[in-house]
Structure formats: C-alpha cells, structure tokens
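Participant: Structure below; questions to follow.
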Amino acid sequence: MSKEFRYVGGTFPCDQALRKVTGDLLYGCDMKPAEMLYAKLLLSPIPHGIVKRIDTAGAEKVPGVVKIFSHFNAPHKMFNSCRIIPGQKFCIEDEPLFAARVKFAGERVAAVVADSLAAAREAVSLLDVEYEELPALLTTEEALNNKAVKIQPGGNLADQYEIEVGDSAPAADCLVVESVTQTQRTHHAAIEPHVCLAHYDGSGKLTVWTPTQGVFGVRSVLAEFFNLSYSKIRVIKIPIGGSFGGKQEYLFEPVTSFMAMETRRPVKLMLDREECIIQTRVRPAVRVKIKTAVSRSGELQEFIADTTLDAGAFTGSAVDYSRTLATKAPKLYRIPHYKHTGRAVYTNTVKSGGARGWGAPEIITAVEVHMDQVAKRLQMDPLEFRLHNLVYPYDRDPVLNLSLGDARVRECLEKGAEAFHWKERFHRHAQEGGRYRRGVGLACGAHKNGMYGGFVDCTSMTLRMNEDGSLNLNASLHDVGCGTATAMKIIVAEVLDLEPDLITVTEADTELTGYDPGCYGSRVIYNVGACAKETAEKLKDKIMESAAFILQKPKEYLCMAEGHVFTMEGTDERRVLSYKEIAERAIRENYTDLGVAHTYYSPSNPGSYSVQFAEATVDTMTGLTRVTDFLAVGDVGRALNRGMIEGQFQGAVQMGIGYALCEEVKINDRGKPVNNGFKKYHLVNAPDMPDVKVLLIEHEGDDGPFGAKSVGEISAVPTAGAVINAVNHALGTSLSDMPLTPEKVLAAIKQTEDQG
Amino acid sequence: MRAMLIEFKVNGKNYGREVRPTMRLLDLLRDELGLTGTKEGCAEGECGACTVIMDGEAVNSCLVLAPQIRGREIITVEGLEQGGELDLLQQKFLEHSAVECGFCTPGMLMSAKALLMKNPHPSEEEIRLAIAGNLCRCAGYSKIVAAIKDASHSADGGCR
Ligand code: FES
Ligand code: FES
C-alpha cells in the first residue's frame, strides 16, 4: 500500500526498546539520587470525615524518620490536577495536599518522609489519626438527593449542561427505543505504579522527575501553588511504564515537591498497587440514558441522551470529561435532531479522571449497545442499520461545528464485515443452542485528532543536522509506550531520506524543549507529527541551500536522496555531496548552522474511526464469557509504524474486553474499595485473550503527517460495545449493566427463559 | 531478627550476602545487587513484572524470600544478553513490536526464557499458559506470543 515510502508504513521498535529488553532503562522506581528520602502516604480509611488529631509520637521514634506531614503543617491551598494554564475553564481548584476533611476512602491524610522505605512504612503504620466521621454519599443518586451533606462548598452538583442541534420533528410512525447503560469505574492498571521524584536545591530551584504526559502543565500548577517563578522549576518527563490517562493528571507532583521543599533533600514517592487503585484516578462511572426515534426503514430521526457522571470527591477533569460525552455520537451518526443533557456529580468516592478515550468508550459503548437494540426491534442486521446512519467523509460535526475530514467509518465497517464474514456468522450463530452459546457483535467508534476548535494546540521544536550528517530533533514528547518518539523519527527520516537510527529525539523537559500542551487528546501523531514533518521540510530547504552554495548551482538543479544531495540528471556535470560534507562545510565555509526551529498550529480536527467485530462464547452454566475471535479495523489515515499500530489496537482490545466483562473498582456500602489489588481486580491475561486481527484503512485525506491520524485512543473506543453486543447476540438478551459478570449473565439468561 | 549469610549465584556470578530473613528476593536483586531490570507491579504474585528464573523455573521474586535462594542460581533480565549479544528472545521482542512501555517486558522475557529452556518448541497454547501470570496492559499479548513463537522456531529453540 505504501510502496512509495521508504520508512513510512514499515515496522520499527519503539524508541528505547533496546534498553527495555535489556532491563537497562531507568524508570522512576529505579532512580536513586544521593541523599534521597522515601515518602509513604497515609490514606483515609473512611469516606467522609474531619481529621481532628494525628498522634505522631510513635512514628517519630522510628529510626530514620525525617519528617511527618499532614494538613496541620502543610498549606491549605488547593490545586486542580488537570489544568494546563491558569484560569482554565472548568478547572476548579479543590484538591488539597493533605485533607483536613477527607472526602473519600483513600484520600491523602498524612505522609512520612524517611531515609528508607521500610522506616517510612513502619512510621505510617504507627500514626494514630482521630476522625470525626460524617455521613458519606456513595452514589450519584444519594449525592443529588441529599441536600444536607455537601461534599464541596457549592453542593454536590459539579456541573450540568444541555446541548441541542437540529429540529425535533420525528415522523408519527417512528419506532421509539429507550435504553439505559451503566458503565463502571475502572482502574487504568498501567503495570508501573505511580511515582514521582522531586528536589529543591540550595539555589531555590525545584526539579521534578515524573512519568507525566504534560511537563508544562505540571510546571504551571507547581509554580502557581508554591509561588515560584516558572523559570525556577524544571519538570523532566521520565520513562513511563504505561499511563492510559492514569498519569495524565498531576497527582503527586505537588505533594512530592512540597515534601522536597520542606526537607531540602530529594524525595521520592512510590505508590503500591493498592494505592494506585484506591487513590489515583479511575475511569468514571457513567449512567447513560438514550432515547431514539427511528423511521421504519431504519433512518435515525432523533437522538436524545442524558448522562450522569460520578466525579468522585473533587473536580479534577470531571466537568470537561462530562461535557465531552455530548460530542461523540454526532461524530459517528447523522442525526437530524440531537439533544444531550448531562451532569457531573460529586460523591464520597475515589476521584474520576482522564482515561484513554476521554469519555468516548463510555458514551460510545452505550450508543452501540442501544443501536443493536434498535436494529433488533427493526428486525434489521445491525450492520445494515448502521449503514443507514453512519457519517460520510467531510460531513460536519454539528455540535463542535468542525469538518469530520476524510471520515472512513463506512469503509471500516464494510471491509471489516467482509473480512470477519459478518453476515454468515451473524445469521448462523443466532440459530445455535446448547450449553455454550456463540454470538457475534460489532460496534463503531469515533474519536478526534487533537484540541483544535476548543483548546490550545500548537507545538514547537528544533531540528539540527550534526557535523556527521546525523540529526537531533528537540521536541517535547511524552512517549507513554505507544511509540511516538519513533513515529517522529520515521517522519523526519522519510522527509530527509536517511535511516531513522541516525536521529535522536528528545522527550519533554521544561528547561530544554519547546512548549507543548502535553501528549494526550489524540493530538501527538496528528499535530506534533505534522510539526515534525514541516520542521524536517524546513531543514531540507536549508540543506539544499547550503549544498547549492557549496556546489555553486541553483537549488532547483539539485535533488536529495539516501543521505546525499545530487546535481540532477542532464545538468552539465554530475556531482554528489553527502550530508556529512554539507553539514561540515556549511559551518566551515558558509559560517552557518544546519538548524531550524518551527512552531505548528493545528488547522483541523478530523474524526478518527474504528469498527470492531467480536465473537463471544458464553457458558450458560457458569455465566462465564470468553471472547473467541476479534477483528479491529482502524481508519488511521496513514500507518506510520505498522507493527506499533497493530499493537495499539491489540492492547486496546485487551482493555476493552476487561471493560465489558470483568474490570470494576467496586466500592462497598461503607465507602471502601473492595478490589484493591490485582488478586481481586482482574485484567485479561494471555490465555484469555483472542488473537486480535487488525485491518488498517489508509487514505491520507487530512492534515496529519503523510495523512496519519490518531490511533491510541480510538482503538479503545468500540471494543466493549462489540463484546457486549456479541454476548447479547449469543443469548438473546439486552445486557447493558457493565461489566457483564457471570452473575449478571446468569440472571439475564434466567430472565429470558422465564419470559420465553 | 538476625541477618543471615547466604551464598547464591546470579547471572553466573557467585555472591555471598548477609540478608534479613524477611527480605524479598526482589529487593535483594534491586536494592542490594543493583539489578533494577526486574520490576515491581503488584507485590502479590499477580502481575509477573518481577519474574526471574530460579534453578530453571520462572518465579515471582516478590513472593520469594531472600534466604530461599541459598545455594541456588538466579537469572534476571540482565543475564539474558551474553557476550554483548542479545538473547534470541530479546531480538524477537524487538522485531515483533512486542515492547511498548516496557514495564512488563523483563518479566515476560524471563517467563518465556524459562519455558524455552524446558520446552524448546512450545505450542501457542503452551506459550500463552507460560505467560499467563505476566500481565501486559499495552500490547494485548499477540505480538509477545508471536515473538516467543518465532524465537522457538529457530534451530536451537532460543536457548543457549
Ligand atoms: S510484583 Fe511480583 S508478581 Fe507483581
Ligand atoms: S509493554 Fe507496557 S505493560 Fe507490557
């Protein structure tokens, strides 16, 4: 497909992969500067209450303890964990370093800093806290109904909104279908637990090493919180052992910096798995009600959604997240009348936060489960029903008023259906009986490409050719493991026609690399990648100019290939210069440096699409579901690094199957998370995963580098919907209370049997 | 609790060390020997990030106490490379894009290595079972399984 390219579309290991397979790459847990202290947190065991008193006497006696912190000796100032610039919309500052009034079981109450982790742990276990318990509101219903208990000063409703486009005039004989889908809290489950290291040196400079997705946001929050000059704070992105949005927000940078500033020694805070589950962030639980009116021939007339998002105890990213739920369905379907009402509600539970897909997996799962119910009522193949309604390339997103660009969701569906043999399987499996029932399901998904149309989306970088012809690309990347650094190398290598291995790419460091709002929001390939391409083109120009000067030939007579610049065929004499010669002579003879700087402003924000097909086998005796076959189709514009893209989809499917079937951070009636470790929080493992096939649709119709669009988030959007639809197909049920645990599956089987 | 002296071998090198009876093998490797390639993801034997090979068997080093390795031989991810050359498994992980964030990778490699040491030509099912205790959140296992399969298809079964 991409034979006109030399590197684009090939398969390359991710940056640092060599150091990852040898165990040589240092992650946060491996870093140990001289004089480093270890911090350990004390977390609240109760969901709501006042921290009246902390007896530290026993803890202080533990040898090696340096200092103990709590709200009694820390600032009471608040911060917001996801705001990138001061004054940012929807980013209410309501999270403290340490709670004076705890608002969820798991909130930070105190911390011990000691010269060994063992000492810090022991001291934490000796802290004696007296709480005055307050009534806890554990569900959004309780929180909305109970006016007497206020989790935040303004009450329990964090935000509400209403969006409506188009006119309401469904025809009289329309079919009206209503559904309710409940999505659950999930843990991001990056295998690397959260970690942060900070040091405040004698000159008054704060340096923070953190596996973050946005160093400039971290710096801004720290500067405003501690009243430090931005120039006296250096935030360095270190290797990340997975994030999925879980490390996107600035959860521990403020508290670790505070402890480092107080002790004047490097302080490292490392979480264990339980702490990651109960006190970082969770994918929010969302209740989605959908009502559609559809013509008898299968055209959507009206789509009315209502969502209630459980924000947890603070604001964080919840308002933005909740509002984003309203922007997904109109990217996927043509809807003459669209209305979405939504709210985010504070509860005394673990804070919700950014998670891969930022609202799209939640709302799209509900939409796709609903669409199957409509198709069933119409007695239509779900594939046909979707073809009646999916968007076309260059449709307009009526909510955000943006072009959807070269939106190829229809092609994903049609090509995928063919490869999956959808029609035969859909009709065949519906007839099967017996203990093990098989079904197939499909789901479509839409996501975006960056922030254009709603938020800052620019990035700056420099590219320099060294004296030997190698390159240094200086960019604020935050590779979370999905290969963005390698993608940048591929782009630059393609433009300048040299081996990607000759390029070194930086990751983000506020002191050394250019401004970038952060690597999330599906903006990296589409926008940072486009910047890399333009930067490389700018450098190419400069190299050609230098070569022209050296050869004393007009630029127009020169061409570039395989690390050399040539005089073109047909010119009087054939001359060749290697990049090395050009770079050396540019400095020596032309007194110039082969370096360029570039800032790129994203001009568009098209849709990225994926359609996924699942086969599920349900054991009707045990209620256990296995996903036995899976195809993920992606509208990726252009594949830059094929192997990594396939891996992104396969990993997304692992996450999506868990979302559909088993993953949930459950909170008991006393407000405590019950599955606080991997023993009780189950991730799908290798024997339970199908071999996921991946089919890529490439059209390069949009502004990304060589046409490339985002992959990492869209890949995770339709998975759960496809799996749930397959289970419902197998059983003839309409399950929509996630996850589909064996108990729920058995109950649904019993219900259909009773009815039948 | 008295420290005890134990002798053991790690990556072909003999060691004698005083250890506390409650020290985990994971901490001995990471904190005492500086072998930080072995990772900690859960501390309860569920994620496999801490997998090392003990006398030919893959074990979770977060569940093994340091005194238990007395007289035994441990291989960690740092011991895979021999004479400056990557182990075939490491090469195949690179070739097959089986490495994303890399945090599960050392443990994955060690489970795979232990499998190939015992069974040079495993079936796909045997491969999946051998890494059943190694969680990967990034890659969905397909590429990892393909890499292990490819390594096993080579003449020497990926083992030296
Ligand atoms: S850290 Fe040992 S199995 Fe997870
Ligand atoms: S590569 Fe990230 S957990 Fe496996």
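Participant: Quick check: anything in the stretch B:70-91 within 16 Å of ligand 2 (Cβ to nearest atom), outside any loop (DSSP other than H, G, I, E, B) and out of contact with any Gly (no Cβ under 8 Å at 6 or more places or on another chain)?
Facilitator: So far as the stretch B:70-91 goes, yes, one or more of its residues are within 16 Å of ligand 2 (Cβ to nearest atom), outside any loop (DSSP other than H, G, I, E, B) and out of contact with any Gly (no Cβ under 8 Å at 6 or more places or on another chain).
Participant: From B:Ala58, B:Ala43, grab the single residue that is open to solvent by 10 Å² or more (accessible area, probe 1.4 Å) and free of Cβ contacts under 8 Å to residues at least 24 places away in the same chain. Can you show your working first?
Facilitator: On the way: B:Ala58 fails: free of Cβ contacts under 8 Å to residues at least 24 places away in the same chain.
The conditions single out B:Ala43.
Participant: When you look at B:Ile53, is it under 23 Å from B:Asn119 (Cα atoms) and more than 9 Å from ligand 1 (Cβ to nearest atom), yes or no?
Facilitator: Numbers: under 23 Å from B:Asn119 (Cα atoms): yes; more than 9 Å from ligand 1 (Cβ to nearest atom): yes.
Yes, satisfied.
Participant: Shifting gears a bit: Which residues, taken from the stretch A:222-258, are without any contact (Cβ under 8 Å) to a residue 40 or more places away in the chain and polar (S, T, N, Q)?
Facilitator: A:Asn227, A:Ser229, A:Ser231
Participant: Could you please let me know if B:Leu135 is closer than 23 Å to B:Leu26 by Cβ, facing another protein chain (nearest Cβ under 10 Å) and not charged (D, E, K, R)?
Facilitator: When the stated conditions are applied, B:Leu135 passes them.
Participant: Filter the stretch A:637-679 for residues that are of a type in the set (Asp, Glu) and either within 15 Å of ligand 2 (Cβ to nearest atom) or assigned to a helix (DSSP H, G or I) (or both) and give the result.
Facilitator: A:Glu646 - this is the single residue of the stretch A:637-679 that is of a type in the set (Asp, Glu) and either within 15 Å of ligand 2 (Cβ to nearest atom) or assigned to a helix (DSSP H, G or I) (or both).
Participant: State whether the residues of the stretch A:115-134 include one that is buried (at least 23 other Cβ atoms within 10 Å of the Cβ) and of a type outside the set (Asp, Glu). Full working, then the answer.
Facilitator: Going through the stretch A:115-134, the residues buried (at least 23 other Cβ atoms within 10 Å of the Cβ) turn out to be A:120, A:123.
Filter once more, so that each one left must be of a type outside the set (Asp, Glu): A:120, A:123.
Yes: one or more hits.
Participant: Looking only at the stretch B:68-114, which residues are out of contact with any Lys or Arg (no Cβ under 8 Å at 6 or more places or on another chain), of a type in the set (Val, Ile, Thr) and within 8 Å of another protein chain (Cβ to nearest Cβ)?
Facilitator: B:Thr76, B:Val77 - these are the residues of the stretch B:68-114 that are out of contact with any Lys or Arg (no Cβ under 8 Å at 6 or more places or on another chain), of a type in the set (Val, Ile, Thr) and within 8 Å of another protein chain (Cβ to nearest Cβ).
This table checks each residue for (1) closer than 20 Å to A:Gly481 by Cα; (2) surrounded by 24 or more Cβ atoms within 10 Å (Cβ to Cβ); (3) more than 16 Å from ligand 1 (Cβ to nearest atom); (4) assigned by TED's automatic domain parsing to the domain that holds B:Ala132.
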| site | (1), (2), (3), (4) |
| --- | --- |
| B:Ile74 | no, yes, no, no |
| B:Lys92 | yes, yes, yes, yes |
| B:Ala98 | yes, yes, yes, yes |
| B:Cys104 | yes, yes, no, yes |
| B:Ala114 | no, no, no, yes |
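Participant: In the stretch A:213-232, which residues are away from chain B (no Cβ under 14 Å) and surrounded by 22 or more Cβ atoms within 10 Å (Cβ to Cβ)?
Facilitator: Within the stretch A:213-232, A:Gly214, A:Val215, A:Gly217, A:Val218, A:Arg219, A:Val221, A:Leu222 meet the criteria.
Participant: Could we say that A:Lys32 is basic (Lys, Arg), over 30 Å from A:Ser125 (Cβ atoms) and within 14 Å of chain B (Cβ to nearest Cβ) here?
Facilitator: The answer is no for A:Lys32.
Participant: Within the stretch A:284-310, can you find the residues that are surrounded by fewer than 23 Cβ atoms within 10 Å (Cβ to Cβ) and in contact with a His (Cβ under 6 Å, 6 or more places away or on another chain)?
Facilitator: Answer for the stretch A:284-310, where residues must be surrounded by fewer than 23 Cβ atoms within 10 Å (Cβ to Cβ) and in contact with a His (Cβ under 6 Å, 6 or more places away or on another chain): A:Gly298, A:Glu299, A:Glu302.
Participant: Quick one: which of A:Ala407, A:Ala366 is under 26 Å from A:Gly298 (Cα atoms), part of a loop (DSSP other than H, G, I, E, B) and in contact with a strand residue (DSSP E or B) (Cβ under 8 Å, 6 or more places away or on another chain)?
Facilitator: From the options A:Ala407, A:Ala366, the qualifying one is A:Ala407.
Participant: Would you check which residues across the stretch A:375-411 are open to solvent by less than 60 Å² (accessible area, probe 1.4 Å), more than 18 Å from A:Phe613 (Cα to Cα) and of a type in the set (A, V, I, L, M, F, W, C) and list them?
Facilitator: If the condition is that a residue be open to solvent by less than 60 Å² (accessible area, probe 1.4 Å), more than 18 Å from A:Phe613 (Cα to Cα) and of a type in the set (A, V, I, L, M, F, W, C), then A:Leu378, A:Val391, A:Val399, A:Leu402, A:Leu404, A:Ala407 are the ones that fit.
Participant: Also: Just checking, how many residues over the stretch A:6-15 are modelled with pLDDT of 95 or more and more than 7 Å from every other protein chain (Cβ to nearest Cβ)?
Facilitator: 6
Participant: Across the stretch A:652-676, what is the total count of residues that are within 14 Å of chain B (Cβ to nearest Cβ), open to solvent by less than 10 Å² (accessible area, probe 1.4 Å) and out of contact with any strand residue (DSSP E or B) (no Cβ under 9 Å at 6 or more places or on another chain)?
Facilitator: Counting residues in the stretch A:652-676 that are within 14 Å of chain B (Cβ to nearest Cβ), open to solvent by less than 10 Å² (accessible area, probe 1.4 Å) and out of contact with any strand residue (DSSP E or B) (no Cβ under 9 Å at 6 or more places or on another chain) gives 0.
The values are calculated or read from the model by the stated rules, or taken from the named source; none is laboratory data. From a predicted model like this one, the values you see are computed outputs, not experimental measurements. Neighbour counts are summed over all protein chains in view; Cβ atoms, including those assigned to glycine, are modelled from backbone coordinates with ideal geometry. The accessibility values were calculated without ligands, DNA or RNA, using every heavy atom of the protein model including side chains. Shrake-Rupley method; radii C 1.70, N 1.55, O 1.52, S 1.80 Å.
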